[in-house]
There are 2 protein chains.
Amino acid sequence: MSELKGAMIIGQSGGPTSVINASAYGAIKAGLDSDSITTVYGAANGIVGVLNDKLYVMDKEDPAELELLKYTPSSALGSCRYKIADPDVDDTDYKRILEIFKKYDVRYFFYNGGNDSMDTCNKISKYMKKVGYDCRVMGIPKTIDNDLFGTDHCPGFASAAKYIATSITEVYQDSHVYDKGQVSIIEIMGRHAGWLAGAASLAAVTGYAADLVYLPEVDFNMDEFLEDVSALWEKNHNVIVAVSEGIHYADGSFVSEAKTSATDGFGHAQLGGLAAMLADVVKEKLGVKVRGIELSLLQRCAAHCASQTDIDESFLAGQTAVNSAVAGETDKMVAFECSREGGYSCTTKLLNLSDVANYEKKVPVEWINERGNNVSQAFIDYALPLIQGETKMPKENGLPRFAKLAKIVAE
Amino acid sequence: MSELKGAMIIGQSGGPTSVINASAYGAIKAGLDSDSITTVYGAANGIVGVLNDKLYVMDKEDPAELELLKYTPSSALGSCRYKIADPDVDDTDYKRILEIFKKYDVRYFFYNGGNDSMDTCNKISKYMKKVGYDCRVMGIPKTIDNDLFGTDHCPGFASAAKYIATSITEVYQDSHVYDKGQVSIIEIMGRHAGWLAGAASLAAVTGYAADLVYLPEVDFNMDEFLEDVSALWEKNHNVIVAVSEGIHYADGSFVSEAKTSATDGFGHAQLGGLAAMLADVVKEKLGVKVRGIELSLLQRCAAHCASQTDIDESFLAGQTAVNSAVAGETDKMVAFECSREGGYSCTTKLLNLSDVANYEKKVPVEWINERGNNVSQAFIDYALPLIQGETKMPKENGLPRFAKLAKIVAE
């Protein structure tokens with residue numbers, strides 16, 4: 001493959017994670033180190049920054065600040081949820097992207113995100129080919145939801161999983177402190193896939209497991225849920241429940257959105273989310289002390305509790321995308337291939353963007369128990385290696401020292 | 001003072017913290033090391049364990065497991081919220097306590113807790129004196145609320161403060177990721193005192209401060225709150241708000257409990273707590289994207305983010321209680337005296353139990369700004385030294401390795 005010389009753009013998209021910036025840093029550093037890449041631009045707020053001609057010049061950043069991206073949560077360049085049109089229907093955005101690419105002689109485009117972002121990558125890549133503009137396009141996976149197809153796991157998942165398992169372990173201590181006991185219901189992200197809720201089961205290796213884990217892969221049944229909580233309460237006078245925000249009834253309606261009148265006699269709108277609602281139902285039906293806890297944004301931004309394995313692999317994904325593109329690859333997403341036999345190892349591979357875009361990977365049914373209220377040992381064996389290693393995040397004044405980028409806009 | 005030889009009891013009371021076990025370990029270790037103390041008992045669930053004759057023999061524990069108490073959140077011996085009667089009204093409990101003390105030859109009683117626990121200590125001490133039973137009684141302070149009188153600060157506060165400031169710093173990153181902005185409302189514990197909510201201001205030293213901080217020391221005004229959020233929204237299109245769960249209107253009613261019909265037209269019961277309710281009001285009135293986050297139990301049990309300063313000082317408080325009692329002191333609470341001139345230093349002092357019991361220390365009015373929507377630099381100067389130092393908590397399988405006590409019950 002012939003050498004392609006030109007500038008590169010890295011963009012971040014979708015919901016943030018604790019380590020998306022580690023991938024950005026992997027890509028930026030590989031770009032800065034490469035002879036084929038003339039300038040490294042960071043798109044302000046993902047593809048929106050390209051459309052708005054707002055690109056930050058990474059070459060002008062302090063290298064030490066750039067390196068801190070490894071420990072800085074959320075998307076340092078800014079993110080977006082902008083979905084570009086199908087180019088056959090409306091190619092306005094694509095014409096604009098081409099214009100910007102030409103303006104800055106962009107020959108490499110890297111997009112870091114989840115399913116939608118891989119779709120964006122795929123469309124841009126196809127359009128550039130169609131109009132004959134030589135540009136290599138690579139997707140870098142990212143999502144705490146861990147639902148991207150074809151990769152062992154997704155950068156970002158492990159750090160969220162580690163935070164969830166750590167928090168469950170700690171809440172377990174707190175919930176067991178009084179002689180009178182408590183039901184604790186912990187709400188975890190994951191609208192369509194239960195990987196994150198399943199991470200609550202990792203606490204089992206500490207001896208402080210969640211007793212019940214409900215995933216969106218299984219239809220939720222309120223009566224069975226109350227039976228399960230009640231049985232455990234009778235036995236232990238203490239129950240830890242982890243629920244995915246995406247659990248739904250057999251008819252597909254989200255439990256969090258349903259008015260629960262049919263089940264519990266309440267008819268008012270729920271404000272406080274699923275955990276608060278389930279806590280209310282348990283209190284009403286079982287008359288026990290109950291606490292609903294929503295991990296909320298914390299689980300996707302708690303970089304102080306990130307997995308160093310996740311940080312290293314996220315960096316690797318970004319770096320591999322750039323190095324592979326410079327070597328001639330295009331139209332691919334970086335993915336992980338892992339082995340757990342005789343110790344954990346992880347290497348990268350490349351998948352066709354068109355094969356991964358818009359397909360959601362769910363927790364295999366065989367990793368969920370028959371009652372549908374917990375995951376199996378196979379899930380733990382899969383996820384536990386990913387949360388190993390403590391972040392080397394530097395602190396200043398006892399608090400995280402995040403990257404402070406100059407963000408000098410290209411002219 | 002003559003030597004007093006006999007057994008000791010350490011009990012834990014009230015709501016857990018990340019470091020209450022560090023104090024217990026300080027007391028237990030000093031007891032095990034002392035020639036005057038024959039046996040070290042841990043009361044199961046505080047004073048309830050004494051009343052029920054359920055004492056754990058600490059001498060029989062593995063020393064390595066005991067040392068892990070420094071990094072184990074919540075109350076490893078179990079806690080209670082039992083309030084003993086005034087002995088002049090009903091001395092049943094006191095007679096029973098005396099009986100147990102005699103049974104095990106207990107000559108030292110240490111109680112680790114907040115205001116109520118100091119009151120319990122005080123009453124027991126007075127009763128033992130009245131009946132002529134020689135027993136030294138010492139209080140060890142503990143409360144994330146930081147509202148105990150006479151001490152610079154309370155063990156437990158700093159670790160919660162560190163977690164809160166860390167989480168604010170991280171949520172700040174997450175909230176600023178989209179170009180369209182967001183109002184984030186973070187609900188923090190503290191029913192009557194705003195020390196914990198004030199800790200949100202510590203994030204200012206990272207450059208990622210909470211914009212607005214509301215404490216229960218100030219009457220809350222919903223109209224002013226909406227004005228403040230609105231003004232900041234116009235300016236930055238992003239607002240981080242920290243609120244104490246204990247904020248109340250001028251008439252004393254808690255904002256969290258008030259039906260907000262007068263203010264926002266809603267009349268239904270609030271399930272999801274204060275953050276969800278305020279988020280709802282902001283969304284309704286200002287029409288902006290808003291997220292309510294309740295730090296819930298996490299802030300008092302997140303030992304993985306504890307302050308090593310807090311761990312060390314908590315240990316010191318427990319150790320000092322035992323060593324002082326052995327040296328002849330009784331009827332006292334261990335307190336901290338700190339200097340912040342030319343670096344932070346902390347020493348212990350002893351206060352009379354009768355002087356500290358049942359008095360709540362609030363954030364000084366002069367540390368709150370005139371608008372009542374933030375704390376001043378004086379607050380930051382006070383609290384910042386306390387959150388320094390990272391916990392040395394050991395991990396196993398990437399997760400906290402907490403103490404596992406054998407809990408062998410005395411016969």
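When both segment A:360-411 and segment A:96-133 are represented by their alpha-carbon centers, they are found 28 Å apart. In chain A, the longest principal axis of the Cα atoms and the axis of helix A:115-130 are about 20 degrees apart.
Sort segment A:157-301 into rounded, prolate or oblate with this rule: let a ≥ b ≥ c be the square roots of the eigenvalues of the Cα gyration tensor; rounded if a/c is under 1.5, and if a/c is not under 1.5, prolate when a/b is larger than b/c, oblate otherwise. The shape class here is oblate. When B:Val288, B:Val19 are arranged by Cβ crowding within 10 Å, least crowded first, meaning fewest neighbours, the order is B:Val288, B:Val19. With label points defined 7 Å past Cα in the direction of Cβ, position A:Lys407 shows copy-to-copy spacings of 5.1 nm, given to one decimal and shortest first.
Cross-link partners for A:Lys83 among the aspartates and glutamates, with Cα-Cα distance under 20 Å and sequence neighbours closer than 8 places in the same chain left out: A:Asp53, A:Asp91, A:Asp93, A:Glu99, A:Asp116, A:Asp119, A:Asp145, A:Asp147, A:Asp331, A:Asp355, A:Glu360, B:Asp179. What you get for chain B, charging only the Cβ of Lys and Arg (+1) and of Asp and Glu (-1), is a dipole of about 1060 debye around the Cα centre. When A:Lys130, A:Lys395 are arranged by Cβ crowding within 10 Å, least crowded first, meaning fewest neighbours, the order is A:Lys130, A:Lys395. Within segment B:274-344, none of the trypsin sites (Lys or Arg not before Pro) combine a DSSP coil assignment with at most 11 other C-beta atoms in a 10 angstrom radius. Between identical copies, the spacing of B:Asp134 label points, each set 7 Å from Cα toward the C-beta atom, reads 9.7 nm from nearest to farthest. Counting from the shortest, the label point at A:Tyr82, 7 Å from Cα toward Cβ, is 6.5 nm from the same position in each remaining copy.
For the pairs A:Lys180/B:Lys162; A:Lys70/A:Lys102; B:Lys126/B:Lys407; A:Lys54/B:Lys180; A:Lys70/A:Lys361; B:Lys54/B:Lys102, flag any whose C-alpha to C-alpha distance is greater than 19 Å. The answer is A:Lys180/B:Lys162; A:Lys70/A:Lys102; B:Lys126/B:Lys407; A:Lys70/A:Lys361. Other protein chain C-beta atoms within 10 Å of residue C-beta, averaged over A:292-301: 6.
Checking every one of the GluC sites (Glu not before Pro) in segment B:270-351 against DSSP loop status and a limit of 16 other Cβ atoms within 10 Å picks out B:Glu341. Contact order, relative form, for segment A:102-241: 19 percent (alpha carbon pairs under 8 Å, 6 or more residues apart, mean separation divided by residue count). Counting only other chain Cβ atoms within 10 Å of each residue's Cβ, the peptide B:173-185 averages 6.
Here the Gaussian network model covers chain B, with springs between Cα atoms less than 10 Å apart; of B:Val326, B:Val282, B:Val205, B:Val205 fluctuates the most.
Loop-located chymotrypsin sites (Phe, Trp or Tyr not before Pro) across segment B:97-134 with a Cβ neighbour count of 15 or fewer within 10 Å are B:Tyr133, with loop assigned by DSSP.
Where a number appears in this text, it was derived from the coordinates with a stated rule and is not lab data. Please read these numbers as outputs of a predicted model, since none were measured by experiment. Please note: Cβ atoms are built from the backbone with ideal geometry, for glycine as well, and neighbour counts cover all protein chains shown.
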